[in-house]
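I am attaching a structure below and will ask some questions about it afterwards.
The values are calculated or read from the model by the stated rules, or taken from the named source; none is laboratory data. These numbers come from a predicted model, not from an experiment. Here Cβ is always computed from backbone atoms with ideal geometry, including for glycine, and neighbour counts include all displayed protein chains.
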Amino acid sequence: MPVAEPDAVPLSGDRFHTDPAELYREMRRKHGPVVPVVLPGDIPAWLVVGYRELHHVTGDTSLFTRDMGLWNQWPRIPADWPLLPMVNRRQPSIYYTVGEEHQRHVGMVVPALEGVDAFELRRHAEQLADALVDSFCGQGEAELIGGYAKLLPILVLGRVIGFQDAEGPELARNINALADGGEDAIASHQYLTAAMRRLVAAKRETPGADVCSRMLAHPGPFTEEEYVLDIQALTAAGHLPTSDWIGNSLRLMLTDDRFAASLSGGRHSVGEAMNEVLWEDTPTQILAGRWAARDTHLGGQHLQAGDMLLLGLQGAHGDPQVHHGGHAAHTGGNNAHFSFSHGEFRCPFPAQEIAEVIARTGIEVLLDRLPDIDLAVPAQSLVRRPSPFLRGMTALPVRFSPTPAVGGTR
């Protein structure tokens, strides 16, 4: 069974939160585009930070498979390993299946997402964003992560998928705890599974015009567990990156003079800021994972059959091949980033559209309602979430001129 390389990089520490760009540059200088890393419990893995190598790994599903059953470290993984919910060989969902089985899940999930009406989605996002802004607009100050960015996506997705509005805050809390991989990750995973089971049971009893009901109406034979796991994957994968996309975009616009015009009422820079975040500050920094189907070489490293590869999305965005002399590849609206992954397991296109509508609407509504919004603390004091996998803000305190509530309509 492979063990960690002697000079492997621990996949933890403050620098993933404070200076990831320089950390990835150091990794690349020392190890090249494929970096030996160590996960909690001294578990070895490979972090792919080369743009070309990541394109190869995500495009070759026969050599670099999603079949986590091949992992050569399973005998060393304890039942309470904090990252287990992210790498679970016992989950027959769209996220963890491969080959024909994966396509079977895609055939159910994607049409259910395609059934989301774009105008209704925008209306839900505007209404819920207005309601959240109403809760603090008269105070002249607010904390935009916990009070806005972490709530809006799950509330909108809740309506789209089939949850009640009141369930949103607790769903958001447990999804974030699961992603951070702390001591409460396992308990949060159990809570989310129970919530999805309740939703499936409720929609079997009373179907509606929502994603869950459309999935249940699909003619293919799916088990209760498969429905639960697919809805859980949609909810978590839809909420987390969208929440951090909103937060990271607002941070950029509040701290970078290039976007000052947008904060005085204009919208022309919102899309530019959102695209820049996907390149320079992407919500999903590292994605698990792929497994080598056989012994192979990649980026100058020898990989053994069953080795885990972590997709270093942000590291690849900083590859000199696409990031020349400080000029990022996003210039001119280039969308060839890995923020939605790539290849067969890329985020489904309708899910990308849903995320973009929620994030853009959330930012636009906030700027429309609070045109003189400004950061309330020094930019250098802002703190990132404690996860090498996800990059988002823990808090974004702002101040603004108090304004009256609009009551959910404008």
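Do we find that Arg66 is surrounded by fewer than 16 Cβ atoms within 10 Å (Cβ to Cβ), assigned by TED's automatic domain parsing to the domain that holds Gly315 and touching an Asp or Glu at 6+ places or on another chain (Cβ under 9 Å) in this structure?
Against the criterion (surrounded by fewer than 16 Cβ atoms within 10 Å (Cβ to Cβ), assigned by TED's automatic domain parsing to the domain that holds Gly315 and touching an Asp or Glu at 6+ places or on another chain (Cβ under 9 Å)), Arg66 does not qualify.
Which of the residues spanning the range 379-405 are aliphatic (A, V, I, L, M) and in a loop (DSSP other than H, G, I, E, B)?
Matches in the range 379-405: Leu382, Val383, Ala395, Leu396, Ala405.
A further question on this structure: Tell me, please, whether a residue that is part of a helix (DSSP H, G or I), touching a strand residue (DSSP E or B) at 6+ places or on another chain (Cβ under 7 Å), of a type in the set (A, V, I, L, M) and at pLDDT below 95 can be found in the range 188-207.
The answer is no, given that none of the residues of the range 188-207 is part of a helix (DSSP H, G or I), touching a strand residue (DSSP E or B) at 6+ places or on another chain (Cβ under 7 Å), of a type in the set (A, V, I, L, M) and at pLDDT below 95.
Continuing with the same structure: Tell me which of these Ala177 doesn't satisfy, since it passes every other one: (1) crowded, with 22+ Cβ neighbours inside 10 Å; (2) among the small types (Gly, Ala, Ser); (3) touching a Ser or Thr at 6+ places or on another chain (Cβ under 9 Å).
All conditions pass for Ala177, except number (1).
Could you please let me know if Gly140 is over 18 Å from Val200 (Cα atoms) and surrounded by fewer than 23 Cβ atoms within 10 Å (Cβ to Cβ)?
Details: over 18 Å from Val200 (Cα atoms): yes; surrounded by fewer than 23 Cβ atoms within 10 Å (Cβ to Cβ): yes.
Considered against the rule, which asks whether it is over 18 Å from Val200 (Cα atoms) and surrounded by fewer than 23 Cβ atoms within 10 Å (Cβ to Cβ), Gly140 comes out as yes.
Another one. Name the residue that is farthest from the chain's Cα centre (by Cα), counting only residues in the range 3-41 that are assigned to a loop (DSSP other than H, G, I, E, B) and surrounded by 15 or more Cβ atoms within 10 Å (Cβ to Cβ).
Glu5
Here's another thing I want to ask about it. Can you name the number of the only condition in (1) over 30 Å from Phe64 (Cα atoms); (2) in contact with a helix residue (DSSP H, G or I) (Cβ under 8 Å, 6 or more places away or on another chain) that Val109 fails?
So Val109 meets the others, but not (1).
Would you confirm, using the coordinates I've provided, whether Ala129 is under 14 Å from Ile246 (Cα atoms), touching a Ser or Thr at 6+ places or on another chain (Cβ under 8 Å) and either of a type in the set (Ser, Thr, Tyr) or in contact (Cβ under 8 Å) with a residue 60 or more places away in the chain (or both)?
Taking the combined requirement at face value, the residue satisfies it.
Let me ask you something else. Go through (1) modelled with pLDDT of 85 or more; (2) crowded, with 18+ Cβ neighbours inside 10 Å; (3) assigned by TED's automatic domain parsing to the domain that holds Gly107 one by one and return the number of the condition Glu356 breaks.
Unmet condition: (2).
(1) more than 24 Å from Glu280 (Cβ to Cβ); (2) in contact with a Ser or Thr (Cβ under 8 Å, 6 or more places away or on another chain): which one isn't true of Asp60, the others all being true?
Against the list (1) more than 24 Å from Glu280 (Cβ to Cβ); (2) in contact with a Ser or Thr (Cβ under 8 Å, 6 or more places away or on another chain), Asp60 comes up short only on (2).
For the range 233-240, state whether one or more residues are under 27 Å from Thr18 (Cα atoms) and of a type outside the set (A, V, I, L, M).
yes
Additional query: Evaluate the following for Phe338: is it modelled with pLDDT under 90, surrounded by 14 or more Cβ atoms within 10 Å (Cβ to Cβ) and closer than 18 Å to Asn275 by Cα?
When the stated conditions are applied, Phe338 passes them.
Name the single residue that is modelled with the lowest pLDDT among those in the range 89-130 being surrounded by 20 or more Cβ atoms within 10 Å (Cβ to Cβ) and among the small types (Gly, Ala, Ser).
Only one residue fits best here, namely Ser93.
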